[in-house]
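First comes the structure, then the notes that go with it.
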Amino acid sequence: MANEEHKLLAQYIKEVHAALRKASYKIGVQKAWQEHCKNEKVLSVYAKCMEQLATKHWESNCAVNTNEIVSRIDWSADFCYSYYVNNYYLKFHEKELDISDKINITLKTMESFSLPLKLLDVGSCYNPFNKYGFFDVLAIDLCPANNSVLKCDFLNVMIGNKLIIEAHEVYQLQQNYFDIVTFCFLLEYIPNSELRIEACKRAYCVLKPGGLLIINTPDSKHVGANSKLMKCWRYTLACLGFSRIKYEKFKHMHCLAFRRSLDKEIPRRWVTLYKEPFMEFSLNIPQDFLCDGEDKNISEYSTCTNCVADMELFGELPFNLNCDA
C-alpha cells in the first residue's frame, strides 16, 4: 500500500496531466502547451514530485522487489548495451540489407557509433541514466530537477547542424547526432496524439541511422487490454521510419525499442504487408478518450471504460507496491 506522502505526490502528477489535457480540448493543444511551458510554478512542483516518486518510491522498490518489478531505466540501459556493445544491432542491419534487396533500394547510410554512446533523455527530470558509464547523456526537461539536467522544450527547440547550449539551456539540438533517444514516461505527459507524433518525428531527426528510440509507457492492465493501441503505435512509428525491434509488457508498463531504419522505405514495407483495418496514424493513450467526465469518442482500441484510467496511470505503478518501509 502507498503511504500518504506517495499518494499526495502521485495525485499532483495526475492532476497536472489531466489539467493539460483539459486545456488542450478547450483552447487547442498548441496554445495549451505554450501556456503550460510558461507556468514555472507548476513545472517546478511537478519536477520535485516526479523526482521523489522515481527515486524514493519507485527505483528503490524495483531494487527490493526484483522478482516483481522491472525498472524502466534498467530495462532501457540493458537493451541499449545489448544492441550496441554486444552487437545485437548487426541482426537488424542484416535484416534491413535483405529487405532493401527485396524492394530494390540501395542503402546510402550505415550505422556509426563509438563509446560512450550519445543518449538524449527527453523529459529526464533528474538524469537517471547518468549512473551508466557507457552513456554520454544529454538530459533535458521543461523544468530540471537538478543541475545535471538542461532546460529544453523538445517539442519546439530548433534542430540544426550543431548542438547549441547556453546558460544551462539547450537552444538547438544537432541532427543525426544521438545514438539513443529515450522517452521514459514522456508520451503520456504530452496532451494529444498530434504532439506525441511530433516528438517522435523530432527523435527521428536527431538520431543517427540505426539509432534507438526507447519508449516506456505506464499501463497496469493486462497485456491484451490496450493491445490495439500498441499496434497503432507500431504502425505510426513505422510510417515515420522506425522499426519496432523489442517489445515487452510488464505488470505496470510497456517497454518498447524502435530502430531508426537505414531507409524509411524499409519499415514502410511492414506497413504495406501487415496493416490491419483498425490501425490508424495516431499515438493515443486510453486517457485521450475519456477525461473529466466528458464522454468523448471512446475508441474500440482500448477497454478503458471510465475515468479511473488516469488514476491508474501513476496510482498503480511499482512505487505503490512497497511504500510503507
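Is the shape of the stretch 176-292 rounded, prolate or oblate, going by the alpha carbon gyration tensor and its root eigenvalues a ≥ b ≥ c, with a/c under 1.5 for rounded and a/b larger than b/c for prolate?
Working: a/c = 1.60, a/b = 1.33, b/c = 1.20.
Here the stretch 176-292 falls in the prolate category.
Computed from backbone phi, the HN-Hα couplings of the stretch 142-158 come to 4, 9, x, 8, 8, 6, 7, 10, 9, 6, 5, 9, 4, 6, 10, 5, 5 Hz, rounded to whole numbers (Karplus: 6.51 cos²θ - 1.76 cosθ + 1.60, θ = phi - 60°; Gly and Pro given as x).
The distance separating the Cα centre of the stretch 126-180 from that of the stretch 85-106 comes to 30 Å. Basic side chains Lys and Arg get +1 at the Cβ, acidic Asp and Glu get -1 at the Cβ, and with that the dipole of the stretch 116-169 about its Cα centre reaches some 140 debye. Name the shape class, rounded, prolate or oblate, that the alpha-carbon gyration tensor gives for the stretch 236-284, where a ≥ b ≥ c are the square roots of its eigenvalues, rounded holds for a/c under 1.5, and otherwise prolate holds if a/b is larger than b/c and oblate otherwise. Taking the square roots of the gyration eigenvalues as a ≥ b ≥ c, the stretch 236-284 is oblate.
How would you order 16-29, 271-284, 175-188 from highest to lowest mean count of nearby Cβ atoms within 10 Å? Could the numbers behind the result be given before it?
Details: 16-29: 16.9, 271-284: 13.8, 175-188: 22.7.
Packing proxy ranking, top to bottom: 175-188, 16-29, 271-284.
Packing-based ranking of 215-222, 80-87, 258-265 yields 258-265, 215-222, 80-87, ordered from highest to lowest mean Cβ neighbour count within 10 Å. The relative contact order of the stretch 55-187, computed from alpha carbon pairs under 8 Å that lie at least 6 residues apart in sequence, is 19 percent.
No value in this document is a laboratory result; all are computed from the given coordinates. Since the model is a prediction, treat every value here as computed from it, not as a measurement. Note: ideal-geometry Cβ built from the backbone for every residue, glycine included; neighbour counts use all protein chains shown.
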